[in-house]
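All of the numbers you see were taken from the coordinates with simple rules; none came from a lab. From a predicted model like this one, the values you see are computed outputs, not experimental measurements. Cβ: placed from backbone, ideal geometry, glycine included. Neighbour counts: every protein chain shown.
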Amino acid sequence: MTPPKALVTFTGVQKTYDGKNLVVRDLNLEIQQGEFLSLLGPSGSGKTTTLMMLAGFESPTAGEISLNGVPITRTPPHKRNFGMVFQNYALFPHMTVADNIAYPLTVRKLPAVDQKAKVARALDMVQLGAMGDRYPSQLSGGQQQRVALARALVFDPQLVLMDEPLGALDKQLREHMQIELKALHRRLGVTFVYVTHDQSEALTMSDRVAVFNDGLIQQIDTVTSLYETPSNRFVASFVGDSTVLQGALARIDGTLCTVRMANGMTLQGANVNQAKTGDTVQCSIRPERLHIAAAAGANTFAAKVLDTIYFGDHLRLRCAVEGQAEATIKMALAHDQLPTIGQTIHVFAPQEHLRVYR
């Protein structure tokens, strides 16, 4: 079966602002037609610069960006037919909602009768059908965000680019808009490229996530694979919570390895990036994969409970492990083995979920 042809291709793209430091280094990326791709990473990792180069607001220092196989590196932004949604919405305060949405159509010199129909459709798309005559100042933050999205969609773009568009909203509204955005994407089938530093936001909405750090994509994968099988230490620590234990690699058994901690206890897990015997390594596991064992045994470690924290949908145990940073265990609210503060427990780390990084 022939793999789908990429809508957008970055080939060997680099970007520097001062001629010395590369903000984006040798970027090779394919964006598939109709997918929701998030560019995730900390500040300064290169994700926003990548989006700005795709939009045409920045030019690559080296490399090529193609759309449907045709180079667009030197194509100006207004000729790329991409919708854009910014964090501050960038709405015109003196124009009504309908006029704001119609603006891209006016620029494209679409006849007024066609504009009216497209604006009405875009308003309905974001559930603001009755608010076309209002001004941005009369809308809530969430409604303004929907107007900005409708404006980005009204001219039927091939691609919608979003630069942290939910960053100004409060937590509850942001989570609500994440669900709405994902539903809208599924309904329309338009390709979305979304920049965020919020890993839960990326996991909630995306088909795939590209994790950036230091100008490079550290891993690009489906949300499940990204969370369950991080490819290196950075991805494991940046995407989701992890309990991390340090040790030395004592033995290798195919794709598995045994790690010995400073206190003599051993753990077995997946040797993710080919660490060698004697290497100092990190054992990383998601806190919800850890369980309290009845007694010491294979792949267990002793931990002293420091605190129990209530999170609404789960409990977290903060634990001290000899010679290690604090360990965290997530437990269901209905758990019947809740230990007391100060108690020493045996924690089981299933080897299929324990990942070892050099």
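Cβ under 13 Å from Ala250's Cβ, Ala250 left aside: what net charge do those residues give with Lys, Arg +1 and Asp, Glu -1?
Charge balance in the 13 Å sphere: +1.
Which residues does a label at Asp114 reach in region 151-175, if reach means a backbone N under 19 Å from a point 7 Å past the Cα toward the Cβ?
Within reach of a label on Asp114, which here means backbone N under 19 Å from a point 7 Å along Cα→Cβ, region 151-175 contributes 151-159.
Check cross-link reach from Lys330 to the lysines: straight Cα distance under 27 Å, and skip same-chain residues fewer than eight apart.
List returned: Lys171, Lys304.
Under 5 Å between amide H atoms, partner at least 5 residues away or on a different chain: which partners does Ala62 have, H built in plane at 1.01 Å?
Gln14
Using the Karplus equation 6.51 cos²θ - 1.76 cosθ + 1.60 (θ = phi - 60°), what ³J(HN,Hα) coupling, rounded to whole Hz, does each residue of region 214-226 give in order, writing x for Gly and Pro?
6, x, 10, 7, 7, 6, 10, 6, 5, 4, 5, 5, 4
Suppose R0 equals 56 Å. What FRET efficiency, 1/(1 + (r/R0)^6) with r the Cβ-Cβ distance, do Thr266 and Asp124 give to the nearest 0.05?
0.35
If I build a Gaussian network model for the chain, linking alpha-carbon pairs within less than 10 angstrom, which residue out of Ala150, Ala55, Ala183 has the largest mean-square fluctuation?
Ala183
What ranking do 67-79, 222-234 get when scored by the average of other Cβ atoms within 10 Å per residue, highest first?
Taking the mean over residues of other Cβ atoms within 10 Å, the ranking is 222-234, 67-79.
Summing Lys, Arg as +1 and Asp, Glu as -1, what charge do residues with Cβ under 13 Å from the Cβ of Val259 carry, Val259 excluded?
That sum, taken over residues with Cβ under 13 Å, equals +3.
Quick one: 3J(HN,Hα) in Hz for region 270-287, Karplus 6.51/-1.76/1.60 with θ = phi - 60°, rounded, Gly and Pro as x.
Couplings: 6, 7, 5, 10, 6, 5, 10, 3, x, 5, 6, 9, 10, 9, 10, 8, 5, x Hz.
Spelling out what I want: for every residue of region 240-246, take phi, set θ = phi - 60°, compute 6.51 cos²θ - 1.76 cosθ + 1.60 (Karplus), and round to whole Hz; glycine and proline get x.
Working through the residues one at a time gives x, 8, 9, 9, 10, 10, 8 Hz.
Subtracting the Cα-Cα distance from 0.36 nm times the residue separation, let me have the gained length for Thr11 to Asp170 in nm, one decimal.
53.5 nm
So for the pair Gln138, Leu188, with labels modelled 7 Å out along Cα→Cβ, what separation do we get in nm?
Taking the two extended label points, one gets 2.4 nm.
State which entries of Lys79/Lys118; Lys79/Lys109; Lys15/Lys47 exceed 18 angstrom in Cα-Cα distance in the structure shown.
The answer is Lys79/Lys118.
If I model a spin label as a point 7 Å beyond the Cα along the Cα-Cβ vector, how far apart are those points for Gln343 and Asp313 in nm?
Result for the modelled spin labels: 2.6 nm.
Using 19 Å as the cut-off for backbone N distance, which residues of region 205-225 belong to the label zone defined by a point 7 Å from the Cα of Asp18 along Cα→Cβ?
214-216
Could you give the distance between the Cα centres of region 191-212 and region 28-50, to the whole Å?
8 Å
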